[in-house]
Amino acid sequence: MSVFRYLTAGESHGPQLTAIIEGLPAGLTILADGINRDLGRRQQGYGRGGRMKIETDTVEILSGVRWGETLGSPLTLVVKNRDWENWGAKMSSLPEDRDDSIAVTRPRPGHADLTGALKYGHTDVRNVLERSSARETAARVAVGSVAKQLLEEFGIRVGGFVTGIGGVLSVVPSDLSFEELWQTAAESELFCCERSTDEPMKKAIDEARAAGDTLGGVVEVQVTGCPPGLGSYTHWDRKLDARLAMALMSIQAIKGVEVGLGFGAASLPGSRVHDEIFRDPARPASGSMSSYYRGSNNAGGIEGGMSNGEAIMVRAAMKPIPTLYKPLRSVDMKTHELFEAAVERSDACAVPAALVVAEAVVAIEIAAAFLEKFGGDSLGEIRRNFQGYCQQVSHA
């Protein structure tokens with residue numbers, strides 16, 4: 001058994017994005033169709049820009065799978081950049097293709113451009129923006145889809161929806177299951193589970209686009225079927241909520257994360273925040289892992305850095321995309337003169353896409369924690385470990 005981890009590589013306008021996953025057990029069915037569905041979802045959503053009309057993301061599985069099943073060796077995933085054909089010389093690895101006349105010297109406010117150039121000593125900020133681009137998230141969505149396929153083997157599902165765009169909020173229906181909410185969101189151009197907010201959100205996006213501006217929003221991700229005990233209270237870096245927060249904050253443009261009530265808990269008394277614990281001995285017989293349950297889920301399924309058996313609920317706030325078609329002012333790094341910032345092709349709103357990326361990184365962290373708890377070299381070994389734990393918990 002090895003630790004579940006992954007690495008991504010590639011530039012926005014390079015030939016491809018690559019991800020290598022280590023730590024998957026042997027015997028897990030991995031289908032490209034499932035990965036491609038999530039890659040397709042990432043490209044959807046009202047407010048996307050011209051790049052999505054060029055790319056049609058699909059995955060190639062280059063190693064680690066034979067006849068549809070993992071071998072236990074590293075898994076290599078590749079997503080080709082179709083736009084590479086227009087950038088071959090500009091992004092070439094060959095020294096003879098160097099052309100300093102095309103250097104980008106005007107860093108864009110809100111991007112990694114200026115700080116990245118200062119950090120690495122670049123005089124051409126294209127060397128920064130190509131990797132810092134959110135295009136990189138296509139590779140993470142592919143990895144997250146693999147993680148979802150692993151988790152689904154054990155009845156764990158990851159989904160979510162958009163809860164707000166540009167100040168227009170979507171009220172989540174309280175009478176529907178998460179599965180029903182996910183299905184409703186899948187039928188919305190904005191991935192909202194309350195369809196009456198679609199048109200007001202579209203109007204806000206259209207108005208922002210017409211003004212050369214952009215909008216951000218909030219996404220929520222849920223994990224159902226998660227057993228109690230993933231993560232740990234014994235070390236700060238093994239706490240599940242901390243790991244999820246780091247994963248979500250690593251997504252481009254995410255500036256805030258909440259678990260459960262999140263910031264709302266700070267303004268309430270403890271009697272209205274903490275979830276009371278109950279026990280029903282009949283629950284295991286009806287399919288529940290444990291006889292214990294909470295009367296509410298303000299903790300968002302995580303207590304003491306561990307999953308508690310309730311649905312995990314996390315939210316992430318996305319700032320407006322900083323590339324504006326009515327650009328902000330910046331300073332040219334070569335001439336030191338004040339200019340309007342350079343404009344790269346961009347979206348007016350990418351919040352629905354951010355939801356898909358958020359689902360992916362949450363699935364990755366849950367899968368990693370799951371394998372730490374139940375890991376083995378084969379799917380059968382993990383299943384035995386998991387079933388033994390389920391029996392232990394059900395008799396507590």
In whole angstrom, how far apart do the alpha carbon centroids of the stretch 117-135 and the stretch 137-211 sit? 31 Å
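Would you list Leu24, Leu338 from fewest to most Cβ contacts within 10 Å? List each step's numbers first, then the result.
Details: Leu24 26, Leu338 9.
Result, fewest neighbours first: Leu338, Leu24.
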Whole-Å distance linking the alpha carbon centroid of the stretch 60-109 with that of the stretch 284-335 is 29 Å
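So how much slack lies between Asp237 and Lys80, counting 0.36 nm per residue of separation and subtracting their Cα-Cα distance, in nm? All intermediate terms of the calculation are to be shown ahead of the outcome.
Numbers: separation 157, 0.36 × 157 = 56.52 nm, distance 3.43 nm.
Using 0.36 nm per residue and subtracting the Cα-Cα distance, I get 53.1 nm.
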Taking the Cα-to-Cβ direction at Gln44 and at Ser177 and moving 7 Å from each Cα, how far apart do the two end points lie in nm? 2.1 nm
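In the stretch 91-189, which trypsin sites (Lys or Arg not before Pro) fall in coil by DSSP and have 13 or fewer other Cβ atoms within 10 Å? Could you put the intermediate results ahead of the total?
Values: sites: Arg98, Lys119, Arg126, Arg131, Arg135, Arg140, Lys148, Arg157; in loops: Arg98.
Passing sites in the stretch 91-189 are Arg98.
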P(r), alpha carbons of the stretch 242-396 - 10 Å bins starting at zero, rounded %: 9, 25, 27, 19, 10, 6, 3, 0
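Can you give the percent of C-alpha pairs in the stretch 103-394 whose distance is more than 37 Å? Please list the in-between numbers first.
Values: 9853 of 42486 pairs.
Across the stretch 103-394, Cα pairs with separations above 37 Å total 23 percent.
Using +1 on the beta carbon of Lys and Arg, -1 on that of Asp and Glu, and nothing else charged, what's the dipole of the chain about the Cα centre, debye to 20? Mind showing how you got there, number by number?
Details: 42 positive and 50 negative charges, 80 e Å.
Here the size comes out at about 380 debye.
Calculate, in nm to one decimal, what Lys203 and Gln391 gain on full extension: separation in residues at 0.36 nm each, minus their alpha carbon distance.
Details: separation 188, 0.36 × 188 = 67.68 nm, distance 5.22 nm.
Using 0.36 nm per residue and subtracting the Cα-Cα distance, I get 62.5 nm.
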Placing each pseudo-label 7 Å from Cα in the direction of the beta carbon, Glu22 and Arg384 end up separated by a distance in nanometres of 2.6 nm
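Full-extension gain between Ala282 and Glu340, please, as 0.36 nm times their residue separation minus the C-alpha to C-alpha distance.
Here the segment from Ala282 to Glu340 would lengthen by 14.3 nm.
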Applying 1/(1 + (r/R0)^6) with R0 = 35 Å to the Cβ-Cβ distance of Arg5 and Ala186, what FRET efficiency is obtained, to the nearest 0.05? 0.70
Of the stretch 370-396, those with amide N under 14 Å from the point 7 Å along the Cα→Cβ vector of Tyr292 are 392-396
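Take every Cα pair under 8 Å in the chain that's 6+ residues apart, average their separations, divide by the length, and report that relative contact order as a whole percent. Write out the running numbers ahead of the final one.
Numbers: 827 pairs, mean separation 90.3, N = 396.
That works out to 23 percent.
How high is the FRET efficiency from Ser101 to Ala211, r the C-beta distance, R0 45 Å, rounded to 0.05? Let's see the in-between values first.
Details: r = 33 Å, r/R0 = 0.73.
Approximately 0.85, to the nearest 0.05.
Just so you know, all these numbers are worked out from the coordinates, no wet-lab data involved. Not measured: the values here are computed from a predicted model. We place every Cβ from the backbone using ideal geometry, glycine too, and count neighbours over all the protein chains shown.
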